[in-house]
Amino acid sequence: MLQFQPQEHLLHSYIVVSQSEQARERLALDLTAAMLCRSDGVRPCRACRDCRKVYDHVHPDVIYVEPDRSGKIPVIKVDQIRSVAATAYILPSEAEKKVYVLRQAELMNLNAQNAFLEPPRSAAFILAAASQDSLLTTVRSRCALLRDPTEQPQESEEMRTLADDYLHAVASQDRLTLLRWCLAHEGMEAQALAEFLPAVQHRLVELLAQPGQTLLPEALCAQQLRLIETCEQYRRANVSVKHIFGLLTVSGVQARVQK
């Protein structure tokens, strides 16, 4: 179950990605409930009125947009997106905002994607897609990316090497060494960061599973796992790449870990 801590700021536009349609539905439902949840604690609480209505699929402020299947190929047309854009400015009936969930968002045609805009304060958009690759950069740039946590993205050799390079900089426990490494990579694109952080996490888990490994002491591995988890939470909240690398620099050698 997808959950957000009280301090996590939810944005107004997300792309929810999973190869599994069932997983996309579950993630989009949890995210919708979290957006409308009235709890001051962990969201979604599943207990407040809005949460219950979301999970019962009866909330009047949750609108689903489906591909038009009248033609030979299912597609989300520009008229559908224009209708969303127009009605998004109408105030919600019960909740603080309306949530539009675009199922199979990768089926938006180019005209529809070009018409896609940031929502007003009274609305939020969730684009549920099998992959974000078919979405235009202009669309992706307006949305935070939320992947299915049960799916392990294909890890490239480049990202594995980059993760190893970062962990060697951490292993030095020298602030200047880590600062130089982070400064050299803080221009990384947001999509690359979404691949880099899981690659570091995967490498740390591998290290912890290897008795006698000498790259990082166990305590430092555990410290880094917590740090990477925090960075992933910030990434999901659309914190800039530069700020996340700043956090890696500051926290990577914040405390000396005894070997």
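Restricted to segment 60-91, and to residues there that are in contact with a helix residue (DSSP H, G or I) (Cβ under 6 Å, 6 or more places away or on another chain), open to solvent by less than 30 Å² (accessible area, probe 1.4 Å) and in a helix (DSSP H, G or I), the residue that is farthest from Arg46 (Cα to Cα) is Val78. Scanning segment 1-28 for residues that are touching a helix residue (DSSP H, G or I) at 6+ places or on another chain (Cβ under 7 Å) and either surrounded by 14 or more Cβ atoms within 10 Å (Cβ to Cβ) or of a type in the set (Phe, Trp, Tyr) (or both) turns up Leu2, Phe4, Glu8, Leu10, Tyr14, Ile15, Val16, Ser18.
Checking each residue in segment 36-59 for being open to solvent by 20 Å² or more (accessible area, probe 1.4 Å), of a type in the set (A, V, I, L, M) and touching a strand residue (DSSP E or B) at 6+ places or on another chain (Cβ under 8 Å) picks out only Val42.
Scanning segment 173-206 for residues that are assigned to a helix (DSSP H, G or I) and under 17 Å from the mean Cα position of the chain (by Cα) yields Ala190, Gln191, Ala192, Leu193, Ala194, Glu195, Phe196, Leu197, Pro198, Ala199, Val200, Gln201. Whenever a residue of segment 162-190 is at positive phi, its partners that are open to solvent by less than 70 Å² (accessible area, probe 1.4 Å), lying with C-beta atoms within less than 9 angstrom and at least six residues away or across chains, give the pairs Gln173/Leu220; Gln173/Gly252; Gln173/Val253; Gln173/Val257. Pick from segment 209-234 the residues that are among the aliphatic types (A, V, I, L, M) and free of Cβ contacts under 8 Å to residues at least 24 places away in the same chain: which of them is least open to solvent (accessible area, probe 1.4 Å)? So the residue we want is Ala222.
The values are calculated or read from the model by the stated rules, or taken from the named source; none is laboratory data. These figures come from a predicted structure and were not determined experimentally. Quick reminder, even Gly has a Cβ in these numbers, built from the backbone with ideal geometry, and neighbours come from all protein chains shown. Surface accessibility is based on the protein's heavy atoms, side chains included, excluding ligands, DNA and RNA. Shrake-Rupley method; radii C 1.70, N 1.55, O 1.52, S 1.80 Å.
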